[in-house]
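Participant: Got a structure for you, written out below as C-alpha cells; questions coming shortly.
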Amino acid sequence: MLHHCFKRFVDSLSFLKCRIIPWLMLWDFSLLYRMNNNQLLKLRELSIGYSPKETPLPQIRNSSDAYRLFKELFEPNSLGLNEQFVVLYINRANRVIGGLKAFKGGISATVVDHRIIFATALKVLASGIVIAHNHPSGNLDASEEDLKLTNRIKEAGELLDVRLIDHLILGIKDDYSSFIEKGWL
C-alpha cells in the first residue's frame with residue numbers, strides 16, 4: 001500500500017525529471033531538482049505489528065501504585081550507591097505496558113537522554129509515562145536539576161502526545177516523594 005501511494009506521489013512529480021531520494025529528504029524540492037538523472041530509488045516498506053500478552057496489566061491509580069511497581073525495577077542493593085532512572089510506560093487506561101531501567105549514574109547524578117525515553121514510548125504506543133529516580137543520599141526533596149529535567153520531559157511529551165503522569169524520587173528506605181503530590185509538576 002505504501003509503495004503504491006508513494007509511486008502515485010512520484011508520478012505526480014514527473015515534471016521535475018529528477019531522482020527521488022530517501023523519504024527523510026523527500027520534501028526538499030530544491031535538492032530533488034538538482035539531482036537530474038531520471039532514476040527512481042525503491043524504498044523499503046515498513047511493517048508494524050502488536051501482539052499484547054493475555055495477562056492483565058497493572059493499573060496506576062496513585063503514586064503508591066507507581067512506587068510499588070518501581071520498587072520491582074530498581075536494584076535494591078544499589079539504591080544508596082548510585083542514581084538510577086526508570087520509566088513506566090502507560091496506556092490510556094493507566095495500565096502499565098512495561099518498564100525500562102533507562103539510566104544508571106554516579107553518586108549524585110545520572111545522565112538522562114530524552115530521545116531514549118520517547119523512542120521507547122513511541123515504539124510501545126504509550127499514552128503516558130511515569131518516571132522515577134533515586135537519591136542515594138536519602139533526601140527526598142527535588143533538586144533544581146530534578147525540576148528542570150522534569151519540565152523538559154513534560155514539554156517533550158506534550159509535543160508527542162505522551163503525557164508525563166508523575167515523577168517519583170525514591171529514598172534509601174521504603175520512602176518516596178511524588179512531584180504531583182508535592183505540587184512540583
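Readers should treat all values here as calculations from the given coordinates under stated rules, not as data from a laboratory. Small disclaimer: the values here were computed from a predicted structure and weren't measured. Positions of Cβ are backbone-derived with ideal geometry, glycine not excepted, and every protein chain shown enters the neighbour counts.
Participant: Taking the Cα-to-Cβ direction at E145 and at D175 and moving 7 Å from each Cα, how far apart do the two end points lie in nm?
Facilitator: 2.2
Participant: Dipole magnitude of segment 63-182 about its Cα centre, charges +1 at Lys/Arg Cβ and -1 at Asp/Glu Cβ only, in debye to the nearest 20?
Facilitator: In total the dipole reaches around 420 debye.
Participant: Let me ask something else. So how strong a dipole does segment 116-185 carry about its Cα centre when Lys and Arg Cβ are +1 and Asp and Glu Cβ are -1, to the nearest 20 debye?
Facilitator: Computed about the Cα centre, the dipole is about 220 debye.
Participant: I've got another one for you. Are any of the pairs K71/K104; K71/K173; K148/K173; K123/K148; K123/K182; K101/K182 more than 21 Å apart by Cα-Cα distance, and if so, which?
Facilitator: In this structure, K148/K173; K123/K148; K123/K182; K101/K182 lie more than 21 Å apart at Cα.
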